[in-house]
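Read the structure below first, then the notes.
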Amino acid sequence: MPPDLTAPAAWLPLFFFVAMGIAVLSYVVLDGYDLGVGLLLNRTADHNKDMMIASIGPFWDANETWIVLGVGLLLVAFPLAHGTVLTELYLPVTAMLIGLILRGVSFDFRVKVNTSQKPLWNFLFYLGSLIASVAQGVMIGRLIVGFESGFLGWVFAFLVGICLPAGYALLGSTWLILKTEGELQKQAMGWAKVSLWLTAGGVGLVSIATPYFSPEIMNKWFVMPNILWLSPIPLLTAALFLLVLKSISALQSGASKKEWIPFVAVVAIFWLSFFGIAYSIFPYVIVGKMTLWQAAAATESLYVIFWGAIVVLPTILIYTFYSYRVFWGKARELSYQ
Amino acid sequence: MIDTLLLSRIQFGANISFHILFPTISIALGWFLLYFKLQHNKTGDSSWQDAYQFWVKIFALTFALGVVSGITMSFQFGTNWPGYMEVVGNIAGPLLAYEVLTAFFLEATFLGVMLFGAKRVSQRVHTMSIFLVAFGTTLSAFWIIALNSWMHTPQGFSMVDGRAFADDWFAIIFNPSMPYRLLHMMVASFLTVSFLLAGLSAYRYLRGCRASANHAVLRLALTSAMILTPVQIVLGDLHGLNTLEHQPAKLAAMEGIWEGGKGVPAVLIGIPDPKTQSNRYEVSIPKLASFYLTHDWNGEVKGLNDFGDKIPPVAPVFFAFRIMVGIGLLMLLASWLGRWQLRGGRELPHWMAKGLVLMTFSGWIGVLAGWYVTEIGRQPYLVTGVLTTAEAVTKLPTGMVLSSLLAYLAVYVGLLFAYIWVVFYLTRKVDDKSIAQPSIIPTSASTTNPLGAQ
């Protein structure tokens, strides 16, 4: 690590590393809930499907833009790592892109074709969401093991590839608890409970397996005093899982009306898990091979984007909040009028 | 030979060809929708509201296809062309970042308000949202065309240790070919949408629709095409002269000029043959190329042979250029004739309406042909004089690129057919009450929008 963080050549790459992390986290949480809704789409009756889609309709496009920002920041701030990362991830990236294409277009086609073709586009919406979520999980897994090519490296990647869709389903079902009512909302509570256990199991497994695969990551977590000040992360995560479970049970029994608690708690779980992964990887862009400073673009180019980002990012946040406020409350049927 | 380079080029070509179809429509259609909305706000005439309600559906579908195919583009740089960002990342990076930051989020967020928020916000805010979406798509075109043009005519940078470093951002953004390419593309977008509007309106007309909204859109589309086609021809000519100055090898390929010299003939048609370095079956007009390129019958023009091996594949550039020009001339003829036939409230003859239906997507052919001219014409370079395409390509195994290419192609072909089918289906549905409504929850757009019933 360059010792002097007052030098632009040191703090600018760090700024963009953090910004890239925020973009990826925003993507995982925001597109996570709408991919989750896609994963759950075929588990309910047809008349509920339109309402599920209506709950994500005004948002999915902007949600997806965060991944363009994430990969864009990788590309612009760390051009020397960008090529390596994306060629290493070639197949999962291709799968994810095809999944996102199918998902995005099915959203529009399903309401515009005639009734007999609607099940096809519903299925493609589900399939696209599934392919994209599994592929993203595999990508995260490969990133953590530093693209290790051995058999176990791939097993780990696929393990994450199974866990992430469970997490997205949890986000999606708690989103539906927040945005829908009646029969669909009751179903969503059931889905949330099932995906909660799957997600908790997944987070646990990945947390144990990650240090096993990387001695370097092991050294960052399981040495004194790190283990002490890091211990709130797993403990808090466990407490949040319990909170989600309790709050859904309370909603089911009618003891509580706070429909926002499960979703907010799940978002917090994602934040903590993300922080855990980010801490494990830092300061590498390619684990064990290239640090963020080695991969950084020219300082002058980073400055050009830095000033733009400082002005534009808050503006984006303001109008994103505005859009969520316009569509605040329970979802209503989608209409262009 | 089938290798990773060729497959990566085909894949990038397939991705970007598929992608550009949709922004080409959504850029100008956004502005047309804003016009419909403003006309409705101003006159209170419900025809404009009806026109908005119908075309916003096409817009939503088109926009979705543009977004998802665009995400693919952002990953392609890294997956297939890692050398690109490694060499010119300091230039390309900020331009792409500004596109995402200033345009993508703006259009994506206000698209939600524009499409689904009409009842939730005031009319003013809704109109403003349409403006912001149209503005966002245009701003996005500005940034990406600035970068693309810089790749054609790079300036404002210096090379240190094999990497490009920016010296002058104004020179980088407003590089020599940028104003021409941007204007040429913007007008191409408006022409594409003009013929889309005209084609689908003519289709409804042929199916018996006599709604005033449909007639108004048809007249508007033909008027806009009538004005813009000549403008486009002039812009294209200026762009060509700019290419002559900065990328003479590309221009020689467009014109099919192998031997340079004084008093060069204009090749109308022929088959360029790189082996003999001449055109087979050539039909040409003596000295004409010199005249329109240099404005002097004996002016000197360079030929392909003057550039050694740094020349693009000639035949694709030569033919794509002729296809683009042919589409342009057809558009000129169709728009002037059609608009003349509509004079004084007259109706379109059926044969003309059928012709316009056939030309519904003619803009796509022209736009693709034009981009093939300029992009294949830049070869063998990725960034003219700085980086060749072969230097930038990934080292991935051929089989991997082949499998992704086949997967993309299957998806793209399927979606392209689905898109064209749905566009015509939506058009039939407006006037045809007998087609069942697709949505189980009836959307008010499909139940209270009897365009044809007026």
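General observations
- Whole-Hz ³J(HN,Hα) from phi, Karplus 6.51 cos²θ - 1.76 cosθ + 1.60, for the range B:285-300, glycine and proline x: 10, x, 6, 5, 4, 4, 5, 7, 8, 10, 6, 8, 4, 10, x, 8
- 0 to 90° range, to nearest 10: angle between helix A:232-253 axis and chain A longest Cα axis: 0 degrees
- Between the alpha-carbon centres of the range B:323-342 and the range A:154-173 there is a gap of 55 Å.
- Per-residue SASA entry for B:SER122, accessible area with 1.4 Å probe, Å² rounded to 10: 60 Å²
- Convex hull projection area averaged over all views, the range B:335-412, Cα basis, nm²: 9.0 nm²
- Distant-in-sequence amide contacts of B:LEU387, defined by a placed amide H-H separation under 5 Å and a gap of 5 or more residues or a different chain, comprise B:LEU382.
- Residue-wise HN-Hα couplings along the range B:63-70, as the Karplus relation 6.51 cos²θ - 1.76 cosθ + 1.60 with θ = phi - 60° gives them from phi, are 4, 4, 5, x, 5, 5, 6, x Hz; Gly and Pro carry x.
- Using the Cβ-Cβ distance between A:TYR212 and A:ALA239 with R0 set to 25 Å, the FRET efficiency from 1/(1 + (r/R0)^6) comes to roughly 0.50.
- Using bins of 5 Å that start at zero, the share of Cα-Cα pairs per bin across the range B:269-388 amounts to 2, 9, 12, 15, 17, 14, 10, 8, 6, 4, 2, 1, in whole %.
- Inter-centroid distance (Cα atoms) of the range A:28-97 relative to the range A:283-301, Å: 25 Å
- Shielding of peptide B:60-66 by partners, expressed as the average count of other chain Cβ atoms within 10 Å per residue Cβ, is 5.
- Whether the range A:203-337 is rounded, prolate or oblate, judged on the alpha carbon gyration tensor where a/c under 1.5 counts as rounded: oblate
- Among the chymotrypsin sites (Phe, Trp or Tyr not before Pro) within the range A:136-229, those in coil by DSSP and having at most 11 neighbouring Cβ atoms inside 10 Å are A:PHE222.
- Chain B - share of DSSP beta bridges that are antiparallel (%, nearest 5): 100 percent
- The distance from the alpha carbon centre of the range B:158-220 to that of the range A:107-129 is 30 Å, rounded to a whole number.
- Taking the Cα centre of chain A as origin and assigning +1 to Lys and Arg Cβ atoms and -1 to Asp and Glu Cβ atoms, the resulting dipole is close to 800 debye.
- The range A:195-337 - percent of accessible surface contributed by carbon and sulfur, probe 1.4 Å: 75 percent
- Note on the range B:1-41: Cα convex hull, mean projected area over all directions, 2.8 nm².
- Rounded if a/c under 1.5, otherwise prolate or oblate - the range B:20-173, Cα gyration tensor axes: prolate
- B:LYS42-A:LEU120 FRET efficiency (beta carbon distance; Förster radius 41 Å; 0.05 resolution): 0.45
- Across the range B:376-386, rounded Karplus estimates of 3J(HN,Hα) from the backbone phi angles (6.51 cos²θ - 1.76 cosθ + 1.60, θ = phi - 60°) give 5, x, 7, 4, x, 8, 8, 10, 3, x, 10 Hz, Gly and Pro being marked x.
- Ellipsoid semi-axes for the protein assembly as shown, based on the Cα gyration tensor and the rule √(5λ), read 45, 37, 21 Å when sorted largest first.
- Projected onto their three principal axes, the Cα atoms of chain B cover extents of 66, 47, 42 Å, largest first.
- Taking the C-alpha atoms only, the angle from helix A:299-326 to the longest principal axis of chain A is near 20 degrees.
- Space enclosed by the convex hull of the alpha-carbon atoms of the range B:167-307, per residue, Å³: 169 Å³
- In plain terms, the bigger the Kirkwood radius, the slower the diffusion; for the range B:299-357, with that radius from Cα pairs, at 10 °C and 1.306 mPa s, Stokes-Einstein puts D at 106 µm²/s.
- A cut-off of 5 Å between modelled amide H atoms, ignoring neighbours fewer than 5 places along the same chain, links B:VAL264 with B:SER290, B:VAL301.
- Nonlocal amide H pairs with B:SER284, under 5 Å, H built at 1.01 Å: B:LEU268
- Take each residue in A:45-52, count the other chain C-beta atoms within 10 Å of its C-beta, and the mean is 2.
- Scaled against 2.2 N^0.38 Å for its residue count N, the alpha carbon radius of gyration of the range A:215-295 is 1.48.
- Degrees separating the helix A:260-281 axis from the principal Cα axis of chain A, which is the longest one: 20 degrees
- Lysine pairs within chain B, Cα separation less than 21 Å, 8 or more sequence positions apart or different chains: 18
- If you take the alpha carbon atoms of the range B:212-252 and fit the smallest convex hull around them, that volume is 63 Å³ per residue.
- Per residue value of the accessible surface for chain A (all protein chains in place, 1.4 Å probe), Å²: 40 Å²
- Of every Cα-Cα pair in chain A, the percent that sits beyond 34 Å: 26 percent
- Given charges at Cβ of Lys, Arg, Asp, Glu: the range A:35-116 dipole, positive-most of A:GLY104, A:PRO92, A:LEU40: A:LEU40
- Gyration tensor verdict on the range A:84-127 (Cα atoms; rounded if a/c is under 1.5, prolate if a/b is larger than b/c, oblate otherwise): prolate
- Solution diffusion estimate, µm²/s, Stokes-Einstein, the range A:1-146, Kirkwood Rh from C-alpha pairs, 37 °C, viscosity 0.692 mPa s: 196 µm²/s
- Listed residue (A:ALA297, A:TRP221, A:ILE248) projecting farthest to the positive dipole end of the range A:212-337, Cβ model: A:ILE248
- Overall, the protein assembly as shown carries a charge dipole of about 2500 debye about its Cα centre when +1 sits on the Cβ of Lys and Arg and -1 on the Cβ of Asp and Glu, all other atoms neutral.
- nm² value of the averaged projected area, convex hull over the Cα atoms of the range A:83-199: 8.8 nm²
- With R₀ fixed at 25 Å, the C-beta to C-beta distance from B:VAL160 to A:ILE22 puts the FRET efficiency at about 0.20.
The values are calculated or read from the model by the stated rules, or taken from the named source; none is laboratory data. Because the structure is a prediction, the values reported are computed rather than measured. Cβ sites come from the backbone with ideal geometry, for glycine too, and all protein chains shown count toward neighbours. In case anyone asks, the SASA skips ligands and DNA or RNA and just uses the protein heavy atoms, side chains included. Shrake-Rupley method; radii C 1.70, N 1.55, O 1.52, S 1.80 Å.
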